[in-house]
1. Remind me, relative contact order of the chain in percent, using alpha carbon pairs under 8 angstrom and six or more residues apart?
2. Top mean-square fluctuation among 99, 66, 16, Gaussian network model of the chain, C-alpha springs under 10 Å?
3. Which FRET efficiency value, to the nearest 0.05, do you get for residue 14 and residue 387 by plugging their Cβ-Cβ distance into 1/(1 + (r/R0)^6) with R0 = 25 Å?
4. Hey, what angle do you get for helix 154-178 against the long axis of the chain, alpha-carbon based, 0 to 90 degrees rounded to 10?
5. I want to verify a result. In a Gaussian network model of the chain, Cα cutoff 10 Å, which of these has the top mean-square fluctuation: 380, 221, 113?
6. How far, in degrees from 0 to 90, does helix 386-397 lean away from the longest principal axis of the Cα atoms of the chain, to the nearest 10?
7. Could you rank the peptides 211-219, 127-135 by their average count of other C-beta atoms within 10 Å per residue, with the highest value first?
8. Going highest first, how would you order 26-35, 225-234 by mean Cβ packing within 10 Å?
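Since every read-out is calculated from the coordinates, none of them should be taken as a lab result. Computed from a prediction, not measured in an experiment: that's the story for all the values here. We place every Cβ from the backbone using ideal geometry, glycine too, and count neighbours over all the protein chains shown.
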């Protein structure tokens with residue numbers, strides 16, 4: 001098989017060279033891409049805060065009950081190790097605060113500490129990867145009314161401000177120990193099911209809470225803050241406090257990362273178009289790459305036009321060093337490891353396709369006003385032998401080529417997942 005992959009690659013290499021693309025340079029550039037793997041795909045966003053924890057509230061929903069769900073931190077790590085063994089390139093892990101090692105102790109969100117995540121930091125060291133982090137502002141009694149950082153109940157608001165402070169401190173220490181900045185992302189589900197009167201009051205409180213929670217400044221080589229907007233959540237359809245406009249303004253004002261989750265906008269909005277717009281005003285972005293179907297349904301990422309535009313915008317504009325790429329989907333209706341690997345490889349493919357584009361020639365044609373030629377060139381690129389380059393890249397990285405990972409995951413399901 002490897003010989004066939006090499007032969008196909010040599011032919012593809014010549015075809016790309018004919019349009020001025022260096023395939024070797026493109027594969028080398030893939031080393032600049034690191035994908036942050038969202039730990040919550042392993043267990044359907046349940047976490048280990050309480051025994052038999054289940055997701056509830058906050059506009060998040062996981063569908064399905066496929067066998068093999070991770071039931072402990074050890075299971076999550078085992079699954080992540082398997083996933084990374086089937087992926088080319090570089091990865092890191094993205095944690096929610098509910099994934100600490102609490103050892104059966106009930107630790108409320110305003111009491112989480114570094115000790116609950118030191119095991120994760122140590123595991124990341126062993127794996128040679130970085131770690132990202134998220135405060136968990138949902139699935140909690142103090143989030144049941146629909147407001148957390150924007151709550152008009154001062155006791156509840158301060159509870160969540162304390163949670164934010166502690167999560168940022170944990171993130172900074174993780175980044176310090178691992179030698180790579182930990183991106184700490186803040187998303188809150190705050191909003192109203194029906195039309196509220198005092199939208200401004202809630203947004204004023206959210207800004208106040210963020211200012212309080214982020215008052216302690218950490219070196220950017222240890223931790224980077226990000227804020228994430230959303231159009232609506234389940235049961236919170238009429239108004240979201242942390243809208244896109246709110247968080248773009250907050251990110252620009254405070255020069256922190258804006259998180260663009262491509263499932264968090266209206267269906268007719270194009271998330272990829274927002275990248276160059278926001279990067280005019282902030283130093284960097286965080287991406288949560290998912291696949292919305294009609295709404296923020298967090299389907300497994302596939303190689304579609306939306307994902308391709310996101311990758312192309314980053315590569316065409318040399319934004320790789322300014323964009324942190326993470327995934328955010330959770331599907332419990334299929335094999336969770338299969339979902340991980342398929343979705344991650346789809347995102348990686350989009351970036352490699354972008355790196356195999358003759359960008360300078362396309363820009364020259366565009367600036368000359370040759371719009372037919374631009375369209376024709378983009379169409380022809382769609383049928384270039386990308387798959388041959390992808391397979392060769394995987395071969396070079398020592399991971400399965402083509403659909404070879406399917407049998408690996410089936411074997412893992414038989415030997416590991418089926419016994420849980």
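1. Details: 753 pairs, mean separation 85.4, N = 420.
So the answer I get is 20 percent.
2. Sorting by GNM fluctuation, first place goes to 66.
3. Values: r = 15 Å, r/R0 = 0.62.
With a Förster radius of 25 Å, E is 0.95.
4. The answer is roughly 40 degrees.
5. With Cα springs under 10 Å in the chain, the top fluctuation among 380, 221, 113 is at 380.
6. Once rounded, the angle reads 70 degrees.
7. Working: 211-219: 14.3, 127-135: 22.0.
Packing proxy ranking, top to bottom: 127-135, 211-219.
8. Details: 26-35: 17.2, 225-234: 21.6.
Highest mean packing first, the order is 225-234, 26-35.
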